[in-house]
1. Among the residues of the stretch 43-71, write down those that are of a type outside the set (Val, Ile, Thr), touching a helix residue (DSSP H, G or I) at 6+ places or on another chain (Cβ under 8 Å) and within 17 Å of Ala115 (Cβ to Cβ).
2. Please determine whether any residue of the stretch 37-46 is modelled with pLDDT under 90, within 21 Å of Val102 (Cα to Cα) and of a type in the set (Gly, Ala, Ser).
3. Could you give every pair whose Cβ atoms fall below 7 Å, whose first residue belongs to the stretch 76-97 and is within 13 Å of Gln42 (Cα to Cα), and whose second residue is of a type in the set (Ser, Thr, Tyr) and in a helix (DSSP H, G or I), counting only separations of at least 6 or pairs across chains?
4. Condition check: farther than 21 Å from Trp106 by Cα and surrounded by 10 or more Cβ atoms within 10 Å (Cβ to Cβ). Does Val50 satisfy that?
5. Can you run down the residue pairs with Cβ atoms below 6 Å, 6 or more apart or on separate chains, where the first is in the stretch 101-113 and within 13 Å of Ala69 (Cβ to Cβ) and the partner is of a type in the set (Ser, Thr, Tyr)?
6. Write out, first by first residue and then by second, each pair whose Cβ atoms fall under 9 Å of each other, whose residues are 6+ apart or on separate chains, and whose first residue, in the stretch 41-59, is polar (S, T, N, Q) while the second is in a loop (DSSP other than H, G, I, E, B) and surrounded by fewer than 14 Cβ atoms within 10 Å (Cβ to Cβ).
7. Taking the condition of being under 30 Å from Phe32 (Cα atoms) and modelled with pLDDT of 65 or more, how many residues in the stretch 99-132 meet it?
8. I'm trying to understand the selection: among the residues of the stretch 6-32, which are within 22 Å of His73 (Cα to Cα) and not aliphatic (A, V, I, L, M)?
Amino acid sequence: MLVYDICPVSKPRQTQRDRWAKRPAVLRYRAFCDEVRLKRLQLPVSGSHVTFVLPMPPSWSKKKRTASAGQPHQQKPDVDNLMKALMDALFADDSGVWDVRVSKIWGESGSIRIAEIAAPAELAAGEGKCQS
């Protein structure tokens, strides 16, 4: 498993105005993309499990922090927006990525973990084809 000390950021909805408006959400996203490229994060096109570790708020009590560490993160940002930000930072065309499992959990500090998992079994001949 590879662990990258990069605090995950989700992809914001952007408009043409964001080219010059410099909204904070867009600036955080662009800094995240730059950091991912700088640390040379690698994501295979298949057979990987990406876990986004999102930092717990500093206002939480020690008891709540201990209970929540490693537990599922079930609020915003969504996993699809986190994964979209990561894939946009890594690939000019991310259509080649076809098999990725994505999770998000609570942690003391933000990070991205990428583990290798078994690739899915090959489809039998004729299975999975759309009928036209």
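The values are calculated or read from the model by the stated rules, or taken from the named source; none is laboratory data. In this text, all values refer to a predicted model and were calculated from it rather than measured experimentally. Here the Cβ positions follow ideal geometry from the backbone for every residue, glycine too, while neighbour counts run over all protein chains shown.
1. Passing the criteria: Leu43, Phe52.
2. yes
3. Cβ pairs passing all conditions: none.
4. Values: farther than 21 Å from Trp106 by Cα: no; surrounded by 10 or more Cβ atoms within 10 Å (Cβ to Cβ): yes.
Against the criterion (farther than 21 Å from Trp106 by Cα and surrounded by 10 or more Cβ atoms within 10 Å (Cβ to Cβ)), Val50 does not qualify.
5. Between residues of the stretch 101-113 that are within 13 Å of Ala69 (Cβ to Cβ) and residues that are of a type in the set (Ser, Thr, Tyr), the close pairs are Trp106/Ser68.
6. Ser46/Trp98; Ser46/Asp99; Ser46/Ala119; Ser46/Pro120; Ser48/Asp99; Ser48/Ile117; Thr51/Met1
7. Of the residues in the stretch 99-132, the ones under 30 Å from Phe32 (Cα atoms) are 99-119.
Going one step further and asking which of them are modelled with pLDDT of 65 or more, we end up with 99-118.
Residues flagged as under 30 Å from Phe32 (Cα atoms) and modelled with pLDDT of 65 or more within the stretch 99-132 amount to 20.
8. Cys7, Pro8, Ser10, Lys11, Pro12, Arg13, Arg28, Tyr29, Phe32 - these are the residues of the stretch 6-32 that are within 22 Å of His73 (Cα to Cα) and not aliphatic (A, V, I, L, M).
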